[in-house]
Amino acid sequence: MASISCLPTPAKTSISSISPILRTPFVILYPVPFPFPSLFSSTFSSKSISAGRLSLPLRAYRPHKYAYPDPIPEFAVAETKKFKAELWKKLSNDKETFGDELHTVVEVCAQIFSDFLHKEYGGPGTLLVEPFTDMLVALKERKLSGAAVAARASLLWAQKFVDQDWEVWNSDNLI
């Protein structure tokens, strides 16, 4: 049986000392089970498979393309309110970092988060890091204190709650 390599291959050859750009294959290979389940189970035991050979023939499949749902404006409004209240509570514990600018810091973060939820967030798997990077940049551009602390707190809160809140929101809407 011919061996098939799935290692990244250079997209171009390097002329200078710069390393080549690597591309990963876009086709995923899966073992095709034999038509007889008893043969398959005895063939595929707990023994390790050698790197160069598989006992099953390989078949190529294109990866499935998943379409995420559109953002839900009502969810975005509700989640932004929750985000704003939680961020205020979290950051108000650090008075010496934010001082009198706490209200402005929370407002900037909440506006960027709201824009993201209204335009891009479509459920679990669509939470991006860009809005939190945008928060950091916007806070630094306005020369507000605690930009890194606020952006990090925002990101950590979103990672912990947004996907979970989306699931609860959609399960409530289905009933």
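Odds and ends about this structure:
- Residues of segment 68-102 that are of a type in the set (D, E, K, R) and either open to solvent by less than 100 Å² (accessible area, probe 1.4 Å) or touching a residue at least 24 places away in the same chain (Cβ under 8 Å) (or both): Asp70, Glu79, Lys82, Lys84, Glu86, Lys90, Asp94, Glu101.
- Among the residues here, Leu156 does not qualify as part of a loop (DSSP other than H, G, I, E, B) and either of a type in the set (Lys, Arg) or open to solvent by 40 Å² or more (accessible area, probe 1.4 Å) (or both).
Conditions tested, residue by residue: (1) assigned to a helix (DSSP H, G or I); (2) in contact (Cβ under 8 Å) with a residue 12 or more places away in the chain; (3) surrounded by fewer than 13 Cβ atoms within 10 Å (Cβ to Cβ).
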| position | (1), (2), (3) |
| --- | --- |
| Thr104 | yes, yes, no |
| Cys109 | yes, yes, no |
| Asp115 | yes, yes, no |
| Thr126 | no, yes, no |
| Leu136 | yes, yes, no |
| Ser145 | no, yes, no |
| Gln164 | yes, no, yes |
| Asn170 | yes, yes, no |
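- Whichever residue in segment 83-100 is at pLDDT below 95 and acidic (Asp, Glu) and, among such residues, is nearest to Ser154 (Cα to Cα): Asp94
- Residue that is farthest from Lys81 (Cα to Cα), among those in segment 103-162 that are under 19 Å from the mean Cα position of the chain (by Cα) and basic (Lys, Arg): Arg152
The values are calculated or read from the model by the stated rules, or taken from the named source; none is laboratory data. Model, not experiment: these values are computed from the prediction. For neighbour counting, all protein chains shown are included, and Cβ atoms are generated from backbone atoms with ideal geometry for every residue, glycine included. Keep in mind that these areas ignore ligands, DNA and RNA; they rest on the heavy atoms of the full protein, side chains included. Shrake-Rupley method; radii C 1.70, N 1.55, O 1.52, S 1.80 Å.
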